[in-house]
1. Would you mind computing, in nm to one decimal, how far apart the modelled labels at E366 and E245 are, each placed 7 Å from Cα along Cα→Cβ?
2. Packing-wise, with mean Cβ within 10 Å as the measure, how do 116-127, 294-305 rank, highest first?
3. Starting from 0.36 nm per residue, how many nanometres of slack lie between W451 and E269 once their C-alpha separation is accounted for?
4. Would you list I33, I113 from fewest to most Cβ contacts within 10 Å?
5. Which order results if F54, F59, F433 are arranged by neighbouring Cβ count within 10 Å, fewest first?
6. Once the piece of chain linking N41 and Q320 is laid out straight, how much longer is it, given 0.36 nm per residue of separation minus the C-alpha distance between them?
7. Do the sum for the chain: with -39,500 (n - 2.57) for every DSSP H run of n ≥ 4, divided by all residues, what is the mean residue ellipticity at 222 nm, to the nearest 500 deg cm²/dmol?
8. How many angstrom lie between the C-alpha centres of region 109-141 and region 389-429?
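Please treat every number below as a calculation from the coordinates, not as lab data. Since we're looking at a predicted model, the values are computed, not measured. Positions of Cβ are generated from backbone atoms using ideal geometry, with glycine treated the same way; all protein chains shown enter the neighbour counts.
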Amino acid sequence: MSFQVNFRKFRKIFSANLNSEIDVIDDFLIDGITTDSRYINPGEIFLALRGNTFDGHDFANIAVDKGAIALIVDHHISVKSTKQIPQIQVKDTLLAYQQVAHWWREQLTIPVIAITGSVGKTTTKELISAVLSNYGIVHKTKENYNNEIGVPKTLLELTRQHDYAVIEMGMRGLNEIALLSQIARPTIGLITNVGTAHIGRLGSKEAIAQAKCELLAEMPPDATAIFNHDNSLLVQTAKKVWKGETISYGLEGGDITGELLDNQTLRVEGMDFPLPLPGRHNALNYLGAIAVAKCLKLDCNVLMQGISVNLPKGRSRRYQLSGDILLLDETYNAGLESMKAALELLKEIPGQRHLAILGTMKELGEKSAELHREVGETAKALGIDHLLVLVDDPEAIAIADGALGMVTECLPTQEELIKRLTEIVQPGDRLLFKASNSVGLNRVVEAFRSWG
Ligand code: ATP
Ligand code: MG
C-alpha cells in the first residue's frame, strides 16, 4: 500500500469515530499502516490496538523511534523523542483500522475473493491463490489472519500492483462475517461448507449456516456467490440470503460438477485437472478454485498443466520416515468433518497397517461427546487397524467409546503416547495425527519424526 492522504481524508474516513479535531497535517505519502511496533518501517503509520493482554499504546514510542510518520491512537501519547509526529485520536482504534482498510479497498478495482466456511478455508484460499497466480499478481491472507484484525491487515497490504485479492474470513459467532464482508466488499464470495465447528457457541448447524451466509448477505449486488452444492443446508441458506449471480460446485452436482477419476485427476466439463492435494475433500476445495477461475472467465487450459500449493504447517503434510513409514500431519485443527475426511484419506493410502492418533476436538459444547463418538465410529467403520487416543481432556474418551470393538488405546499424556508409538509402529505403517491445535499433537509429531 502507498497512498497520498491529508487530514481532510482521514476526517472523512473516521467521521464519528474521531475523538478530537485532527491537527492540520500536510499531504503526505503513507507506505502502510502497521499495528505491530516490531515490524514497523519508516514511512508507515502506527495504529495502536488494544487486546486482552496488550495495549499497543505502550509501544507507540518505539514506533516513533523506528520512523513512524503518524500515530492513530485513542488518547494523546506523550512522545519522548524530539521528533514530534501527528497524532490522530479516535474513539476506537480497531474500528479506525477497519475503516481505513475499507476505504483503501474501495480505491481498488481488482477482484476481491472472500472465502469462508466451517472447514477448508485456508486450503481453498491457497488453491485459489495458486490458480490465480497463473493469470496475475495475487495478494492473499497470510497464515490464518482471518478475523476482525487480520482482514483489515490483509486489505491494507494490497498495492496497486496486485491483480487479485484472496481473503480468508473466519468466525466464532454471529455477525462477525457480516462485518468482515462489509469491510472487504468482495466481488466473489465463496463458502466451502457448513459443518459443526463452533457449534458449541452457535447452538445449531442452521445458526452456523446463517453465520457463514452473512458473507453473501453483505456483498455488493453485482458480486457472485460461489458455494458447495453437495452441502444441502448451505445451498438452502445461501439461496435465501443471496438473490444475485450464483455458481455452485460439487462432486455430486451443481453448476460446475467435478468427477474424481482417480485419486489424482479431477474431470470438469471434459477437462482433466491434476489434483494438487490428495483426498476427496481437497478435490472439492479445488473445484471451488476452478469455479472462481471460471467466474473470472479465465482460460482454464492453463490449469491442465497442474498447480502446486504449499499449505501451512499441520494441514495435509506428509512425511516419509525410514522403514517406509508414512506420517500424515493434520495437527493444525480438527472438527467432525475434517476428522472424517482425514480418516478417509488415511485409509486410501496403500500400506501395511493404518494407525490413527487422535485427540480432542475443541469448542463443540454440548454436542462434544456425540461428535467425538462419531469420530470413533468412523474409524471403526473405515477399518482403521489401530486407534490411539490422547486423553488430555475427558472429552476425548468418547472417541474410544465410539470405536468399541477395534484395537484402541487411550494415553493420558503426550510422553506416554510418544513412548507407545515407538513400541508399536512397524515398517510400512501409515499414521494419521489429528486433533485441535491447542492439544499440541504437533509436538508428538515432531518427537516421533526425530525418533523415526
Ligand atoms: P480454520 O477455521 O482453523 O481457519 P480452515 O477452514 O482454514 O480452518 P483448513 O486449514 O483449510 O481449514 O483445513 C483444516 C483441516 O480440515 C485440513 O487439515 C483438512 O484435514 C481438513 N479439510 C480441508 N478441507 C476440507 C473439506 N472441504 N472438508 C472436510 N475437511 C477438510
Ligand atoms: Mg484457516
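1. About 4.3 nm separates the two model spin labels.
2. Ranking, from highest mean packing down: 116-127, 294-305.
3. This chain segment gains 60.8 nm when fully extended.
4. Least to most surrounded, the residues fall as I33, I113.
5. So the residues, fewest neighbours to most, are F54, F59, F433.
6. Details: separation 279, 0.36 × 279 = 100.44 nm, distance 4.09 nm.
Working it through step by step, the gained length comes to 96.3 nm.
7. Calculated from helices alone, the mean residue ellipticity at 222 nm is -10000 deg cm²/dmol.
8. For region 109-141 versus region 389-429, the Cα centre distance is 37 Å.
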